Amino acid sequence: MKKYSLKINGNQYEVKIDDINEASTLAHVTVNGTKYDVEIEGGKATGTKKPAVAPAPAATGLSVTPKTPIASKPVAAPAATGAKVTCPLPGTVIAINVKEGDTVAAGQTLLVLEAMKMENNIDAERGGVVKQILVAAGATVMEGDVLIVIE
């Protein structure tokens, strides 16, 4: 139940909305102690329904190929050795500034991550050789994902 205090044309009204039928546009309302059934004109029912789950298709031997290629390569398992550069926050990789085999210095920008409409440089914490790049430009990454391995 929700309570409202309304002032209309200088008159004070105490309004209680007791029940709203989510399957229709009907509301049970009490105004200054008098009960009313109120129909909301032009309103749409806002009832939430569980989405229907389609059954799995029967095995037909057909394969489905997307029309457009997926921009990111799947995240591979990182190498067992080396320093792992991890993603500090969820976002999208918009540029990779190094390639496998490049020698990098501490503080060098390895890639650029777009997160919350801002570009964030992901820098090397230490120098070394880029052993493995586990993401591609356009990939969506989550916090903690390993992006690059440096040996």
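The values are calculated or read from the model by the stated rules, or taken from the named source; none is laboratory data. This structure is a prediction, so every number in the text was calculated from the model and none was measured. As a convention, Cβ positions derive from the backbone with ideal geometry for all residues, glycine included, and neighbour counts pool all protein chains shown.
Please find, within the range 83-138, the residue that is nearest to Val149 (Cα to Cα) out of those that are of a type in the set (Ser, Thr, Tyr) and under 28 Å from the mean Cα position of the chain (by Cα).
It comes out as Thr86.
Would you check if Ala137 is in contact with a strand residue (DSSP E or B) (Cβ under 8 Å, 6 or more places away or on another chain) and among the small types (Gly, Ala, Ser)?
yes
Collect the residues in the range 5-56 that are modelled with pLDDT of 75 or more and assigned to a loop (DSSP other than H, G, I, E, B), keeping them in residue-number order.
Asn9, Gly10, Asn32, Gly33
How many residues does the range 122-137 hold that are among the aliphatic types (A, V, I, L, M), within 10 Å of Ala83 (Cα to Cα) and assigned to a loop (DSSP other than H, G, I, E, B)?
Number of matching residues: 1.
Looking at the range 113-121, can you tell me whether even one residue there is surrounded by 13 or more Cβ atoms within 10 Å (Cβ to Cβ), assigned to a loop (DSSP other than H, G, I, E, B) and at negative phi?
The answer is no; no qualifying residue exists.
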